[in-house]
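Notes to accompany the following structure.
The values are calculated or read from the model by the stated rules, or taken from the named source; none is laboratory data. Here the structure is a predicted model, which means the values were calculated and not measured. Positions of Cβ are generated from backbone atoms using ideal geometry, with glycine treated the same way; all protein chains shown enter the neighbour counts.
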Amino acid sequence: MSILSILFYAIAVLITASTAMAVTRRNMVHAVLYLVLSFFGTAMLFYLLGAPFLAALEIIIYAGAIMVLFLFLIMMIRMNKPPGEEFSLNQLLPALLISAGFMVGSMVLVGGNAMGRKALQAAQASPETFGIYLFQTHWITVEIASLLLLVALVGAYLLGRKVRRPSIQEREDMP
Amino acid sequence: VIVPLNHILVLSTLLFALGMFCALARRNLIMILLGIEIMLNAAGVAFVGAALQWRQMEGQAIVIFVLAIAATEVSVGLAAILAIYRRSGSTDPESGAAALQEGGPR
């Protein structure tokens with residue numbers, strides 16, 4: 001067992017444990033913080049698997065931007081009542097069944113994959129080669145992604161602007 | 001020498017199942033969106049592992065686009081949750097749907 005594989009298993013345990021913690025937390029701020037830890041672990045994993053540029057992006061975009069957006073929203077939304085039951089039983093059971101079924105099915109698929117039994121050799125795609133590859137081969141996809149981000153910007157603005165009509169709470173306040 | 005690809009795929013499957021469970025079982029729109037994020041991230045892990053197995057940068061390029069889609073989805077999704085919250089006063093999926101039906105599209 002080489003040092004790299006020990007590192008892989010340590011990171012895998014960290015990611016799985018922190019994601020499991022995030023999924024089961026009742027307090028959403030705690031969940032987001034555990035998920036930040038999980039994304040840092042994923043960034044380490046990406047570095048280990050030879051994608052240093054993606055490791056940096058994972059920290060900047062996932063742990064930095066997306067999770068902070070979640071924190072903003074959680075702080076904007078005041079939970080006036082603590083939610084009584086977080087997991088209702090008639091929803092928990094099908095969810096457990098579906099995810100367990102998915103897991104069993106894909107474990108069977110992975111177990112039958114003889115091609116993936118050989119240990120991988122470590123390699124790195126330097127950010128420079130990766131960037132050249134991305135913009136030479138996938139330039140049109142990059143353009144489409146930028147268009148998608150523009151559409152998201154407009155959509156988020158449209159959804160998020162103030163409503164002129166009184167909301168339900170204000171209507172209740174009115175005599 | 002790192003681990004075989006199958007171990008990476010098992011890790012990715014575990015993460016995906018956790019995210020799926022989160023999206024299906026939680027009764028809160030924010031946690032559902034969080035579960036979708038976990039699932040996208042799990043797919044990214046599988047792609048990076050496959051990129052290393054076959055020495056192709058294709059997999060890493062796809063992860064970049066997954067990142068872009070995740071950012072898009074979160075920004076629009078959170079704005080929608082905020083709109084639902086303003087209208088119904090809760091982030092429960094059922095009450096949100098009820099409020100949208102009552103008010104209709106703006």
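What the table below lists for this structure:
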| item | result |
| --- | --- |
| Residues of region A:7-26 satisfying the condition of being more than 15 Å from the chain's Cα centre (by Cα) and at the interface with another protein chain (Cβ under 10 Å from one of its Cβ atoms) | A:Leu7, A:Phe8, A:Tyr9, A:Ile11, A:Ala12, A:Val13, A:Thr24, A:Arg25, A:Arg26 |
| Hits in region B:15-29 (condition: at the interface with chain A (Cβ under 7 Å from one of its Cβ atoms), part of a helix (DSSP H, G or I) and in contact (Cβ under 8 Å) with a residue 12 or more places away in the chain) | B:Leu15, B:Leu18, B:Met20, B:Phe21, B:Cys22 |
| Meets criteria (at pLDDT 90 or above and either surrounded by fewer than 20 Cβ atoms within 10 Å (Cβ to Cβ) or outside any helix (DSSP H, G or I) (or both)) for B:Ile38 | no |
| Sole residue being surrounded by fewer than 20 Cβ atoms within 10 Å (Cβ to Cβ), closer than 29 Å to B:Ala79 by Cα, modelled with pLDDT under 90 and at the interface with chain B (Cβ under 9 Å from one of its Cβ atoms), chosen from A:Met79, A:Met75, A:Met115 | A:Met79 |
